[in-house]
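Here is the structure we will look at, set down as structure tokens.
The values are calculated or read from the model by the stated rules, or taken from the named source; none is laboratory data. Everything numeric here is computed off the predicted structure, so don't read it as measured data. With ideal geometry, Cβ positions are generated from the backbone for all residues, glycine too; neighbour counts draw on all protein chains shown. Heads up: the accessible areas ignore ligands, DNA and RNA and are worked out on the full protein's heavy atoms, side chains in. Shrake-Rupley method; radii C 1.70, N 1.55, O 1.52, S 1.80 Å.
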Amino acid sequence: MFSASLSMLPAAITNGLMYGAIYALVALGLTLIYGVLHIINFAHGAMLMLALYAAFFLFHLFGIDPYLAILIVTPAAFVFGYVIYRWGVGKLSGGRDQNILLITLGLSIIIENGALFFFTGDQQTVSLSYSYEAVDLGFVFLSYPKIISFFASLLICLLLWALMTKTDLGRAIRAVAKQREGARLVGIDVENIFAITFGIGIACLGAAGCMLLPIFYVDPYTGNIFVVIAFTIVVLGGMGSIVGALLGGFIIGITESVGGLLLGESLGQIGISLIFILILILKPTGLFGSKV
Amino acid sequence: MSKFIPHLGGSRRRFIRNAGATVALASTGLSMPHIAQAAGTVKIGLIHPATGWAAYPAAQLRYGAQMAIADINAAGGIKSMGGAQIEALLGDSQTKPEIGAAEVEKMNEAGVHALQGCYQSAVGLAASAAAAKYNIPFSVDVGVSDKLVDRGLSNVFRMADGYGRIARDASAYLGEINAAAGSPAKTVVIVHEESEFGTGTAKLLTPALAERGLTVVDTIKHANPTRNFDNIALRIKSAKPDIIMPINYPGEYVLLAKTLRQQRVDFMTSYSVLGGGFNFKFIDDMPEIAENMIDVNHWYDPRSASGQAMRKRTEADGKYFTFEVYCAYMSIMLLADGFERAGSTDKDAVNAALASSTLEVDFMPYDKTEMVNGQNMGSRAVAIQAQNGDCQVVAPSAYASAKAVFPRA
């Protein structure tokens, strides 16, 4: 059995990479929001679920392919995130961590129960014309949705990295993250930057939701399935690090896949927890520190 | 709908018996509170995972249970108790055994007379044990663990089958279907979820399948939830089984089915046992994948007029007629019949009445109810197959509505 498992190792690693890219995208929003705003967004999973539903309804009602829906859901998610921070989290919390925690937790409960009420608990899936088309690599079949999701995730990570390092907005975000008062003194509208950053983080979830829908399902609790993974990636990659989130996503994706192959799908999940604990012990700042 | 509620009508003999029992109990002075409640309401607590990953089956269960309660009330309530109406108290187990048990405590405080639940075996085990402390009659809707009725608790009753008999029947049906096709299938891979339901069922299936000449070449356990089934699909592919046997909950069932197609795994059929995701919705959503897949499960009798009527009624309400609907319906019927024959809410009397149930549930492929240690021995699961966008019973032959397509086309 073990030798049979080893022969499947290349396939497991490839599959891990595919999923890792999507995990990275889910974690990207979290790491950005935490790294800059120091907010642990407990509504992250609930917001991912909303993005999945948005993509589902665009497909179901208007026939819009989930990958094209990225162009609608991502900006809509940005606006949603901006509004939620500007007139919700930011205003109501008074900047206190415990208030933020309670507000995002409350938001999560409201969103999930609202989804349960309006969308019911039914699990929804989409079948695209190319859902079962696949590229044969010899050792594994890679379905078109997984390939598209993989490259789209990489592209979004690259765009976000460029935004953060090459634009004035990115510089302003990094300035606010490093020295809030200093940024305010040089004329940066800190509250606006906070809201924009929150919006960008939620926009990442919007894109992730569109990419997850063709390969997963959505119900009011789907987001929670990915949120623990996202928190682990953020710790692993380093709070606020885009490169760290991407690399962390790949590491977790591969760990989950190879762990499942060698230890069994049930026991293999332990690998993720082990990595989380090891990072906390050996390098609490994560692989890429806390650079933003 | 009164045709769904047999034994609820009064009779002279029953009236005399109940009146005699009432007089006898009243003379002890102990049963006055129950008599005082007789013309009032009978409170039944419905404990389901209303929030969490099992929210959909929970909603279906509640729908079925509340449909039964509405029908019973509309038909005059519990007649032996002066037409007492049934009132539902709703509890949410959140898919967690400890919460399920806590809901029992809350409902006991609220004066509940009976309980129904809890979808997951693990939650049902905890909740029914909590109910046993207060001797509250407990009707299991679809929890399949045999431990639910094997613990010697005198308050726990189950109308539908448990996994012991289902594993035996599933193996027998597969043996029948395989033999009818000239026995092309020799090997099986079992893929099961890791909790009591999947693990317990898988353990029983291996020897039962061996008796039918089928060898289990691999047994793969997976977590709830599992995000990625690719490795499992590849492992199945390398084992080259003739039959794949999934035993899991809805989300994982559907993901596995999709991944098997994506990874081009070749097999004669998917023959699931209590496949959580095999239902009319799955067939509607993924007709190509679902076609000719087989599942062994609780299923209504499609040849019965009442079964067809209940399906039409459910679909008219915009819901899929999943097994949860009629399993919950009949588990409420069981309780109502217990109250009817006990003529009171006295827990001992109701438990004794439930233990001697002789219901005839005409919308299920069941014999008359016969309780042995709380398990209805008259129940049976059947093998159903997705054929041309609908579901057909393909085994046992006595209830079959179509011939099995095997190996699948």
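A few remarks follow.
- Long-range amide H partners of B:ILE384 with built H, under 5 Å: B:ASP295, B:VAL296, B:ASN297, B:VAL394
- Counting Cα-Cα pairs of the range B:275-409 in 5 Å increments starting at 0 gives whole-percent bin shares of 2, 10, 17, 20, 17, 13, 10, 6, 3, 2, 0, 0.
- Part-to-part distance (alpha-carbon centres) for the range A:120-163 and the range B:135-164, which is given in Å: 44
- The equivalent ellipsoid that matches the C-alpha gyration tensor of the range A:77-147 spans semi-axes of 39, 17, 12 angstrom, in descending order.
- Cα-based Kirkwood hydrodynamic radius, the range A:119-193, one decimal, Å: 16.3
- Working from Cα pairs under 8 Å separated by at least six residues, relative contact order for chain B is 18 percent.
- Amide H contacts of B:LEU89: B:ILE44, B:GLY45, B:LEU46, each under 5 Å away and 5 or more positions distant or on a separate chain (H built 1.01 Å from N in the peptide plane; Pro and chain starts excluded).
- Annotation for A:PHE139 and A:ILE109: the two label points, set 7 Å from Cα along the Cα-Cβ direction, are 4.9 nm apart.
- In percent, rounded to a whole number, the relative contact order of the range B:102-210 is 23, using alpha-carbon pairs under 8 Å and six or more apart.
- DSSP beta bridges confined to the protein assembly as shown are antiparallel in about 30 percent of cases.
- Relative contact order (percent, whole number), the range B:301-409, Cα cutoff 8 Å, 6+ residue spacing: 19
- Computed extension length for A:ARG171-A:VAL228: 17.6 nm, one decimal, from 0.36 nm per residue of separation with the Cα-Cα distance subtracted.
- Over chain B: Rg over Rh, Cα atoms, Kirkwood Rh: 1.00
- Within the shell defined by Cβ-Cβ distances under 14 Å, the residues around B:GLU109 carry a net charge of +1, with Lys and Arg each +1 and Asp and Glu each -1.
- Under the Karplus curve 6.51 cos²θ - 1.76 cosθ + 1.60, θ = phi - 60°, whole-Hz ³J(HN,Hα) for the range A:182-190, x wherever Gly or Pro sits: x, 4, 5, 5, 8, x, 7, 6, 4
- DSSP finds beta bridges in chain B, and of those with both partners inside it, around 25 percent are antiparallel.
- For the protein assembly as shown, accessible area per residue (1.4 Å probe, heavy atoms of protein chains only), Å²: 37
- Residues in the range B:315-344 reached by a label modelled at B:ASP284 [backbone nitrogen below 13 Å; 7 Å Cα→Cβ]: B:315-322
- Tilt relative to chain B, helix B:55-74 - C-alpha long axis, 0 to 90 degrees, to 10: 40
- GNM flexibility winner over chain B from B:VAL393, B:VAL382, B:VAL372 (Cα, springs under 10 Å): B:VAL372
- A helix-only calculation puts the protein assembly as shown at -18500 deg cm²/dmol for mean residue ellipticity at 222 nm, using -39500 (n - 2.57) for each DSSP H run of at least four residues, averaged over all residues.
- Per-selection metrics, the range B:225-287 (Cα): Rg and Dmax in Å: 11.1, 31
- Angle in degrees between helix B:121-133 and the longest Cα principal axis of chain B, rounded to the nearest 10: 20
- Within the range B:240-294, GluC sites (Glu not before Pro) in DSSP loop having at most 16 other beta-carbon neighbours inside 10 Å: B:GLU291
- For the residue pairs B:LYS96/B:LYS133; B:LYS147/B:LYS312; B:LYS43/B:LYS368, the C-alpha atoms sit more than 28 angstrom apart in B:LYS147/B:LYS312.
- For the range A:4-73 versus the range A:91-105, the inter-centroid distance based on Cα atoms is 25 Å.
- Peptide packing: for A:206-219, A:84-97, B:335-348, the average count of neighbouring Cβ atoms within 10 Å per residue gives the ranking A:206-219, B:335-348, A:84-97, highest mean first.
- Local net charge near B:LYS186, Cβ-Cβ under 12 Å (Lys/Arg +1, Asp/Glu -1): +1
- Dipole of the protein assembly as shown, positive direction: furthest Cα of A:VAL176, B:ALA131, A:VAL83, with charges on the beta-carbon: A:VAL176
- Accessible surface buried upon B-A contact (total; probe 1.4 Å; Å², nearest 100): 3300
- Protection proxy ranking for B:145-152, B:89-96, using the average of other Cβ atoms within 10 Å per residue and placing the highest first: B:89-96, B:145-152.
- Sequence-distant aspartates and glutamates (8 or more away, or on other chains) whose Cα lies within less than 19 Å of A:LYS91: A:GLU181, A:ASP189, A:GLU191
- Our analysis of the protein assembly as shown gives Rg over Rh at 1.02, with the two radii drawn from alpha carbon positions and Rh computed by the Kirkwood formula.
- Selection from B:ALA386, B:VAL361, B:ASN373 lying farthest towards where the dipole of the range B:353-409 points positive, charges on Cβ: B:ALA386
- Here the alpha carbons of the range A:246-292 define both size measures, Rg and Dmax, at 11.8, 37 Å.
- For A:136-147, mean number of other protein chain Cβ atoms within 10 Å: 3
- Note on B:LYS237: lysines with a C-alpha under 21 Å away, same-chain residues under 8 apart excluded, are A:LYS146, B:LYS186, B:LYS221, B:LYS258.
- Computed Kirkwood radius, in angstrom, where 1/r is averaged over Cα pairs of the range B:129-206: 14.5
- For the range A:150-163, 3J(HN,Hα) per residue [Karplus equation, 6.51 cos²θ - 1.76 cosθ + 1.60, θ = phi - 60°, Hz, x = Gly/Pro]: 4, 6, 5, 5, 4, 4, 5, 4, 5, 4, 5, 4, 4, 4
- Counting, for every residue in A:247-255, the Cβ atoms of other protein chains within 10 Å of its Cβ and taking the mean gives 0.
- Counting only alpha carbon atoms, the long axis of helix B:230-239 and the longest principal axis of chain B meet at about 60°.
- Max-minus-min Cα coordinates of chain A on each principal axis give 62, 48, 34 Å, with the largest extent listed first.
- B:THR259 sits among other residues whose Cβ lies under 13 Å from its own Cβ, and their net charge, with Lys and Arg +1 and Asp and Glu -1, is +4.
- Exercise: per-residue mean of other protein chain Cβ atoms within 10 Å, A:125-131: 3
- Approximate spin-label separation B:GLN308-A:PHE62, in nm, with each point projected 7 Å along Cα-to-Cβ: 4.3
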